[in-house]
Structure formats: C-alpha cells, structure tokens
1. Those residues that are modelled with pLDDT under 90 and part of a helix (DSSP H, G or I), I need them from segment 174-196; list them, please.
2. Would you please list the contacts, defined by Cβ atoms under 9 Å and residues six or more apart or on different chains, that run from a residue in segment 221-235 that is without any contact (Cβ under 8 Å) to a residue 24 or more places away in the chain and closer than 14 Å to GLN258 by Cβ to a residue that is part of a helix (DSSP H, G or I) and not charged (D, E, K, R)?
3. For segment 139-151, what are the residues that are assigned to a loop (DSSP other than H, G, I, E, B), surrounded by fewer than 19 Cβ atoms within 10 Å (Cβ to Cβ) and out of contact with any Lys or Arg (no Cβ under 8 Å at 6 or more places or on another chain)?
4. Confirm whether GLU249 is more than 19 Å from GLU140 (Cα to Cα), of a type outside the set (Lys, Arg) and not assigned by TED's automatic domain parsing to the domain that holds LEU131.
5. Pairs under 6 Å by beta carbon, first residue within 20 Å of GLU321 (Cβ to Cβ) in segment 410-433, partner of a type outside the set (Ser, Thr, Tyr) and assigned to a loop (DSSP other than H, G, I, E, B), six or more apart or different chains?
6. Could you list, ordered by first residue, the pairs with Cβ atoms under 6 Å in which the first is in segment 14-37 and at positive phi and the second is in a loop (DSSP other than H, G, I, E, B) and surrounded by fewer than 22 Cβ atoms within 10 Å (Cβ to Cβ), at least 6 apart or interchain?
7. Could you check segment 13-53 and list, in sequence order, the residues that are of a type in the set (Gly, Ala, Ser) and either surrounded by fewer than 19 Cβ atoms within 10 Å (Cβ to Cβ) or more than 38 Å from the chain's Cα centre (by Cα) (or both)?
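The values are calculated or read from the model by the stated rules, or taken from the named source; none is laboratory data. It should be emphasised that the depicted structure is a prediction, and the values quoted were computed from it without experimental measurement. Cβ sites come from the backbone with ideal geometry, for glycine too, and all protein chains shown count toward neighbours.
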Amino acid sequence: MIASQRLLERGAKVVVAVSGGRDSMVLLHALARLAPDQGWRLVVAHFNHRLRGRESNRDEGFVARAARKLGLTFETEGANVRAHARQSGVSVEMAARELRHQFLARIARQHGCDQVALAHHADDQVETFFLRLLRGSGGEGLRAMRPASPSPADAGVQLIRPLLEVPRAALAQYAKAHGVRFRRDASNAATDVARNWIRHRLLPALERRLQPALRRTIQRFAETTGAEAEFVRSVAEEWLVRKGAPDFETLPPAVQRQAVHLQLRRLGVPASFELIEQLRRAPQQAVMTAPGRRMWRDAAGHLHGGRLVRCEFDSNQVGVELRGRAGELTFENLAVSWRVVRGPRRRGSRHAPVGREDFDADKVGVAIVLRHWQPGDRFQPSGIDRPVKLQDLFVNAKVPRGERHARIVALTPAGEVFWVEGLRISERFKCGPRTRRVLAWKWKRTRRNPAVRRI
C-alpha cells in the first residue's frame with residue numbers, strides 16, 4: 001500500500017506512533033526493515049494514557065527499549081486522560097484520542113516531519129463503522145478511513161495508514177513469522193467496552209449467521225457512502241459561497257442538511273441531527289442552542305444567532321395626531337413619516353416597496369396610536385375575510401417568539417389595528433376606487449433589529 005498510494009517518498013522523515021501492541025509493533029518492524037533501502041528516517045513516538053497504572057508504564061518502557069534496539073529516536077509523553085475527559089465533558093476514548101493526536105503532531109513538528117504513521121488496519125475500518133453507525137453518524141461519519149488524511153490536531157501534518165488494507169489475522173501471521181514481540185492489553189478482551197463488544201461478539205455473530213464476507217461488504221459500503229457524502233459536501237460548500245446560487249428550498253434535502261451542518265460547525269455550535277432538521281425545515285423559527293442563546297435560518301438558507309430576547313409584552317405606546325399634510329415621528333427604534341395626498345391610488349400594497357404602505361386616510365382617522373403587540377390583538381390582512389388573532393398570524397408565519405414582541409402595530413382612534421410591522425396591509429384600510437385621500441406611510445428601523453420581512 002505504501003507504494004500504490006504513494007504514502008512515503010524516498011528519504012522521507014516520519015513519526016511512527018507505537019503503543020506497544022501487536023499492530024503498532026508490526027508497523028514499526030516493517031517500516032524499520034524497509035527504511036535502509038528507502039532512506040526513511042523514523043522517529044518512534046509513544047503516548048502514555050495512564051489508564052492502566054503500572055501496565056501503562058511498562059508499555060512505555062517496552063517501546064523505549066524496542067526503539068533503542070533499532071537505533072531509532074524515541075519520544076514519549078503522558079497525561080491524565082480521565083481528568084481531561086471530565087474537564088472537557090467527553091468520553092475517555094475521545095479525550096485519549098485528542099491528547100494523543102496533539103502529542104503526535106507536536107513531535108512531528110519538533111523533528112521536521114510532515115507525516116505520522118498509524119497502525120490502523122482493515123478490521124479497524126469495520127469496527128469503527130459500526131461504532132459510528134450506532135452513534136447515529138451520517139454519511140461523512142460512516143465513510144472509510146483514508147490511507148492519508150490531515151491530523152485533527154494540525155492540518156499541516158499528514159496521518160498515513162500503511163496497514164489499512166491488511167486484516168488483523170495477517171498481522172498476527174507476520175508477527176509470528178518475524179518474531180515480533182509485543183505487549184498484550186488485557187482490557188482489549190473486556191466486552192463492556194463498546195469496540196471490544198463489536199469485535200468479539202457482534203461481528204462474529206453477523207458473519208456466522210448472515211454474511212460470511214461481512215468485513216469486505218462493510219468496507220465497500222463505507223467507501224461508497226463516504227464518496228457520496230464527499231460529493232454532497234462539495235455541492236453544499238459551493239452553494240454557500242456562490243452568488244446567484246439556487247434557492248435553498250429547491251436544494252435536495254441532503255444538500256440542505258450539509259449546508260446547515262457546515263454553517264453550524266463554522267459557528268462552533270454542536271450539530272445534532274435534531275438541530276439541523278429544526279433549522280432546515282423551519283425558516284425564521286428560532287431554536288435554542290444553549291442557555292440564553294438562539295439560532296434561526298433565514299429564507300435564503302443562512303444561519304443567524306444571538307442572545308435570547310425576553311418574551312414579555314411591552315406596554316409602551318405613543319399617540320399621534322395626523323394634523324396637516326405631512327409629519328414624522330419616532331417610536332423607540334422605529335422612524336415613521338406620513339403624508340396625506342389626494343386619491344385614489346390603485347397600486348396594491350403587495351407591490352409596494354418594503355417600508356412603504358398606502359392606506360385610506362379617511363378610514364384611519366385623524367389620530368393613531370403606535371405600540372407593541374399585546375395579548376388579544378386582532379388584525380385582518382389583505383385577502384382574509386375576517387380579523388384573526390395576531391398570535392395566530394405570527395405562529396403561521398413562523399415569526400420567532402422574541403421577534404413578535406419587537407413588532408410595532410398602529411391603531412385607529414377606535415382601537416382597531418390597521419398596520420402591523422412586517423405583515424401585509426389591512427383589508428379594511430386599504431385604498432380602493434372610492435378612496436379620496438391616501439395616507440402614504442413610510443417606516444424604517446433606526447438601529448439593528450431582528451429581521452422583519454413582509455408576510
């Protein structure tokens with residue numbers, strides 16, 4: 001595989017990650033045998049997880065002696081993995097992986113190495129597939145490991161897996177044939193560990209009862225699924241940066257999910273399937289992502305986040321007399337200007353620019369009240385035959401709860417709502433053929449406010 005995948009060039013300098021177990025000792029033995037002819041320079045690196053007490057220290061000493069016997073540079077480091085797991089809120093396995101990769105990348109940089117060789121083999125592929133499947137991973141998570149990939153701790157360091165196509169049984173044969181000594185980890189037999197249970201119980205049962213060629217089938221499936229997921233990801237990435245890209249709602253669901261997932265990752269928000277689906281399916285609907293934090297997707301497919309707005313009714317209001325032919329006023333952060341002109345005007349409000357509406361001035365009257373939405377408010381949008389609760393209109397339009405309380409409404413002297421910020425014009429107060437005077441109404445937010453769109 002080293003030659004077919006061009007994993008190591010002649011004269012390369014590479015860090016070899018060695019735990020002391022059979023797989024990594026076979027990798028070290030094989031690379032050390034080939035190194036003189038290829039001009040490779042090897043650095044042996046061992047990370048002590050300190051999870052097995054004295055046994056962990058004995059593993060470290062064993063690898064150190066093996067490196068010394070081969071005349072190779074040896075580097076080691078240890079850490080309290082359990083403490084790191086508690087502090088980070090992750091599993092011990094994930095904490096160990098994170099610390100190990102940080103160590104390996106650091107050693108590679110110190111020795112001027114661009115590559116770190118790992119002992120993953122063909123059976124690891126299958127076990128990892130089932131672990132991720134049971135955790136609910138999507139296509140990207142189920143993809144097969146690559147012969148070469150960037151280090152998660154340092155993208156400038158490449159991880160290579162020369163044994164990836166070799167089954168565990170072949171490694172055992174190699175170790176026996178070449179007298180490769182290794183340390184046995186008794187915990188590998190404990191079936192209360194998920195990976196071990198898959199290795200010793202699940203896979204043998206599936207091979208025995210359902211599919212003798214299970215390992216080959218899973219590897220093929222993982223490779224296919226990974227390639228398809230990679231394609232979907234590339235389409236989503238292109239959509240996110242391309243101007244004039246197709247509307248989000250027209251994208252296939254797989255691309256929509258990936259577009260949302262990529263944005264969540266860039267924003268540093270954990271991307272669960274449930275969160276992705278909530279954002280994908282409901283534009284303008286705020287979703288809690290953390291205490292006091294919310295996120296929503298706009299109609300174009302882009303994510304926005306911010307602190308949660310307290311959802312309380314605001315009793316502030318201001319009364320205004322529409323005396324004269326024109327005037328202007330400011331209520332909180334909403335600037336309104338108005339002008340009375342002779343009618344009728346036949347332009348419907350559906351075609352009016354955002355921030356501009358026309359009303360029948362005589363129906364509105366000579367005084368108005370501006371205030372926030374209040375419980376029990378009713379409104380009759382154009383095209384609806386009767387007034388309905390504003391609460392219902394907001395819910396149907398998927399206006400986030402915090403945003404509803406920021407909306408401004410305008411009322412007549414009789415207390416009837418004739419305008420709601422962001423909703424289409426009122427049926428009862430719109431201009432018609434008999435309109436004599438038109439109230440030309442313009443409004444604009446004077447500072448940043450949750451997006452308000454016409455519905």
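1. Residues of segment 174-196 modelled with pLDDT under 90: 184-196.
Residues satisfying the conditions are ALA186, SER187, ASN188, ALA189, ALA194, ARG195, ASN196.
2. VAL235/ALA254; VAL235/VAL255; VAL235/GLN258; VAL235/ALA259
3. Passing the criteria: only SER151.
4. Numbers: more than 19 Å from GLU140 (Cα to Cα): yes; of a type outside the set (Lys, Arg): yes; not assigned by TED's automatic domain parsing to the domain that holds LEU131: yes.
So GLU249 fits the description; yes.
5. THR412/GLY365; PRO413/GLY365; VAL417/ASP377; PHE418/PHE429
6. GLY20/ARG183
7. From segment 13-53, those of a type in the set (Gly, Ala, Ser) are 17, 19-21, 24, 30, 32, 35, 39, 45, 53; that's our starting set.
Within segment 13-53, GLY21, ALA30, ALA32, ALA35, GLY39, GLY53 qualify.
Here's the yes/no breakdown for (1) touching a helix residue (DSSP H, G or I) at 6+ places or on another chain (Cβ under 6 Å); (2) in the same structural domain as GLY20 (by TED's automatic domain parsing):
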site: GLN173; (1), (2): no, yes
site: LYS176; (1), (2): no, yes
site: ARG184; (1), (2): no, yes
site: ARG199; (1), (2): yes, yes
site: ALA222; (1), (2): yes, no
site: ALA227; (1), (2): no, no
site: PHE231; (1), (2): no, no
